[in-house]
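**Q** Structure provided below as structure tokens; questions to follow.
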Amino acid sequence: MNKSIKTDLIARWCFEEQDGTKTLDEVTNIHDKVQYIFEKALFQPDRQIKRRKGISGNALWFDGFSVYIQRDGRKFTYDKGALTFSLWIAPHAFGGIEDERLTALINQHHLVEEKGFILGFHKHGQLSFQLGLTSGWEEVWGENHFLPKDVWSHVVATFDSHEGFMKLYLNGDLIGSKKTQGGKIVPAEVDLIVGKNNNPFVVADTFSLNTFMGLMDKVEIYRRALGEDEILKQYHSYLEPVNGRIPHSISYETISIDRADFTADRHRPQYHATAPGHWMNEPHAPLYFKGKYHLFYQHNPQGPYWGNIHWGHWVSEDLIHWKDQPVALAPDQEEVDPDGTWSGCAHYDENGLPVLFFTAGNHRYLPNQMIGLARSTFEKDGDLNLAKWEKHQDPVIFQPEGYQLDDDGFRDPFVWKEEDTWFQIVGSGINGKGGTALLFESTNIIDWHFKGCLYVSDVKKYPYLGRVWELPIMLPLGKNRKGEEKHIFIISPVGEGADVEVFYWVGTWDKMDGKFTPDQEDPQLFDLGDFHFTGPSAMVDPVTKKLILFTIAQGERPVEYEYASGWAHNAGMPVEIYLGTDDRMRIKPVDQVKELRNEKLIDIKNKTIAEVNEQLEQIQGDMLEIKLKFKNAYEGRYGLFLRQAMNRSEETLFYYDHSQDSFFVDRNKTSLDKKERTKGIQGGEVNLENEPLEVRFLLDKSLVEVYVNEIKSLTTRVYPACEESKGITLFGAEHLIIESMEIWSMNGIN
């Protein structure tokens, strides 16, 4: 660094510490606090603040919602007539900006009072430098310049009251300049913060938006405005060790969320698919291509809250062991989806290459939801992980005119192909009638013709089906006893009065008329767990020819616990759905679950409940598979306690009530933690029709999935406060006979 420049420094953070919760300002020798929610984590051992490879030496990794540097404002003084801010940043996400506030790189400002300074960026990474001067609030923007993600950028902002200019530089180039009205900076009586707006937009009374996510290095503040030659020279000096060029990209491991941070969380599932961290909702767009399964999911890399949705991406060879891939799709200012990249599906183009159909949010249009298309770059790069996708420049489907469609209902495409024709259904609703799926067809996946409504519900007769349907699916289910080909039609209702569960009909698909006709009008419920089994997506597995359904297992945590744990939700176990010999739809976990079994803990046949419970006293676990079959049990209630404390202060009961032919979970004693939302009794009819009760449990930390005679599933959550609440006890009359019971401990997948 040039000596004359160095003498004008008033603060410099290089982040060369290896660990710890403080970082050194090399100019003042002040060790500033790095705020970090996991320093006092509630559900896992303390985690370390991340130092990762920087533009030179180490950089500090900001998680997007809890990491920032803070100094008491009284301990930071500066020349009010001239300043320069210089720093290297590599954003990993830009955040879902709901108003005009900036994601702050460095700030000490009060916008309402028009005081202080802020350097940051707005939607899609547009840089801005703003000052509160004695003459008023002034702003300079990097017009038509947007920061790249996952790449280092050198950002400089200068102010000189004598010359009366504010300037912005990106990688040595001037990208914004503004002549001010005169005056000096009016200091704001707030703390100096690096990486977070000191007046952020707050969602759910908990999460601060406008917080930086990515890497930051070499943050410097000068007492004067550096000149253009000095800035360019400084920029090039950092690049000399790397041949004078900014590294093309930063490795996924260097800049992304580290899932290893969450492995010690005692409530986080270990053998179900999870996002690396932060927020996820529905898995969708399953695809099989050249020996690998791909599954995408709605993901917010910025933090564990809904919003700023990207497409996360996993790859697997067996539908069980999923590996993280870089984000597949993200909102982009220059593409079809600047205002959101929402759910969709995967299929193949005319050449058999993978394509993604997605819901594109674009406020330049009204309605603002349309269908976008992205193609894999496999033909160019041969990458079997399908890490890169290129979006078609225009939407392929707009909301059709001439129908009284719900204003907020056109999303979640699902595509299949029959012979030379592709069909696509899109979730929607007709005003005054209820939810529907709109049908389109195409011969080339670009040009789609609207055919009409696949099926329309009667909202007056079935008000719980809501005014709009999301995530529609239609696939062949197999032949019934009469040899007739049956299809299953799946939807998820939303809107006022909707029961947000996954419903289905079995019926007939008429390709010529473009209509689905259910065998019975009443919709059927997949899962009895009350808003835990949601967000459906499905595929016919080209390898096994089985119909596989994917869902999200809702987390059901208080918002403050999602904040404290740093993650929200996970995928349910992929399940096979099929037509049983009685022509009823059946559901069970995919066969590959058996690969997760570790030690067989118990294998019992033809013993009473009392006898089995004696052996169960030695069994503990929170990652288990349990198969249980009752014999000659034709009255009363019987089932199983899981996650039971030794003194029974905590326990969760799963039971069948013969008088109601129904299966329930009782969570009234699930947790001693009064903040947890796991309460009450949930369940419903299973219609065993005198079949003996046969249940299969998949227990994975806080997640429990139960399959009742492969007729219904029940998905729920359990968050015991006591770590030792891992016991198992049978419930029912002691003389009842257990025909068989097997228990395995289970391995995690990461």
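Here, each number is a calculation from the coordinates, and none is a lab measurement. A quick note: this is a predicted structure, and the numbers were derived from the prediction, not measured. When we count neighbours, we look across all protein chains shown, and the Cβ atoms used for this are built from the backbone with ideal geometry, even at glycine.
**Q** Below 9 angstrom from the Cβ of D661, what's the summed charge of the other residues (Lys, Arg +1; Asp, Glu -1)? Please list the in-between numbers first.
**A** On the way: positive: none; negative: D657, E685, E689.
Result for the local shell: -3.
**Q** Further question: Pairs K515/K712; K123/K380; K75/K184; K33/K149; K461/K546; K629/K726: which exceed 24 Å Cα-Cα?
**A** Numbers: K515/K712 27 Å; K123/K380 31 Å; K75/K184 20 Å; K33/K149 27 Å; K461/K546 34 Å; K629/K726 21 Å.
Over 24 Å Cα-Cα: K515/K712; K123/K380; K33/K149; K461/K546.
**Q** Once amide H atoms are built 1.01 Å from N in the peptide plane, which residues 5 or more positions from H569, or in another chain, come under 5 Å H to H?
**A** G555
**Q** Relative contact order for the chain using alpha-carbon pairs under 8 Å, separation at least 6, rounded to a whole percent?
**A** Worked out over the chain, it gives 9 percent.
**Q** Using Cα pairs under 8 angstrom and six or more residues apart, how large is the relative contact order of the stretch 597-746, in percent? Present the calculation step by step, with values, prior to reporting the outcome.
**A** Working: 377 pairs, mean separation 63.9, N = 150.
For the stretch 597-746, the relative contact order is 43 percent.
**Q** Pop the C-beta distance of E691 and H31 into the FRET formula with R0 = 56 Å and round what comes out to the nearest 0.05.
**A** Working: r = 68 Å, r/R0 = 1.21.
Between E691 and H31 the formula returns 0.25.
**Q** Output ³J(HN,Hα) for the stretch 265-278: one whole-Hz value per residue in order, computed from phi by the Karplus curve 6.51 cos²θ - 1.76 cosθ + 1.60 with θ = phi - 60°, and x for Gly and Pro.
**A** Listing the rounded values in order: 5, 6, 9, 7, x, 10, 10, 10, 5, 10, 5, x, x, 6 Hz.
**Q** Within straight cross-link reach of K679, meaning Cα distance under 15 Å, which aspartates and glutamates are found once same-chain residues fewer than 8 apart are removed?
**A** Candidates past the 8-residue exclusion: D530, E556, E650, E651, D666.
**Q** In a shell of Cβ-Cβ distance under 13 Å around H313, excluding H313 itself, what net charge do Lys and Arg (+1) and Asp and Glu (-1) give?
**A** Value of the local net charge: +1.
**Q** Listed highest first by mean packing, meaning other Cβ atoms within 10 Å per residue, what order do 478-484, 268-274 come in? It would help to have the intermediate numbers written out before the result.
**A** Values: 478-484: 11.6, 268-274: 23.4.
Averaged packing, sorted descending, gives the order 268-274, 478-484.
**Q** Which order do the peptides 199-207, 721-729 come out in when sorted by mean C-beta neighbours inside 10 angstrom, highest first?
**A** Values: 199-207: 15.9, 721-729: 17.6.
Ranking, from highest mean packing down: 721-729, 199-207.
**Q** Taking the Cα atoms only, what angle lies between the long axis of helix 228-239 and the longest principal axis of the chain, rounded to 10 degrees?
**A** Approximately 50 degrees, to the nearest 10.
**Q** Suppose R0 equals 22 Å; then what is the FRET efficiency for E143 and E228 from their Cβ-Cβ distance, rounded to the nearest 0.05?
**A** 0.80
**Q** Can you figure out the FRET efficiency of T421 with V543, using R₀ = 30 Å and their beta-carbon distance, to the nearest 0.05?
**A** That pair, T421 with V543, gives E of 0.80.
**Q** Then there's this: Would you please give the residues with an amide H less than 5 Å from that of I106, counting only those at least 5 places away or on a separate chain, with H modeled from the backbone geometry?
**A** Those lying under 5 Å, H to H, from I106 are L119, G195.
**Q** With each label point set 7 Å from Cα along the Cα-Cβ vector, what nm distance links D381 and A721?
**A** 4.9
**Q** Given Cβ point charges of +1 (Lys, Arg) and -1 (Asp, Glu) and nothing else, what value in debye, to the nearest 20, does the dipole of the stretch 598-662 about its Cα centre take?
**A** It comes to approximately 200 debye.
**Q** Holding the Cα-Cα limit at 24 Å, pick out from K607/K627; K482/K594; K22/K218 the pairs that are longer than that.
**A** Numbers: K607/K627 15 Å; K482/K594 33 Å; K22/K218 15 Å.
Distance filter (> 24 Å) returns K482/K594.
**Q** Does a label point 7 Å from the Cα of D603, set along Cα-to-beta-carbon, have any residues of the stretch 726-750 with amide nitrogen under 15 Å, and which are they?
**A** So the set is 740-745.
**Q** Same structure again: Straight distance only, please: which lysines reach the Cα of K179 with their own Cα at less than 23 Å, same-chain residues fewer than 8 apart left out?
**A** K80, K115, K167
**Q** Give me the net charge of R717's neighbourhood, meaning all other residues with Cβ under 15 Å from the Cβ of R717; Lys, Arg count +1, Asp, Glu -1.
**A** After counting each charged neighbour, the total is -3.
**Q** Could I ask something else about it? So what's the back-of-envelope 222 nm ellipticity for the chain, counting only DSSP H runs of four-plus at -39500 (n - 2.57) apiece and dividing by all residues, rounded to 500?
**A** Dividing the helical sum by the residues of the chain leaves -1000 deg cm²/dmol.
**Q** Then there's this: Sticking with the crude label model, points 7 Å out along Cα→Cβ, report the distance from K292 to D583 in nm, one decimal please.
**A** With each label placed 7 Å out from Cα toward Cβ, I get 4.4 nm.
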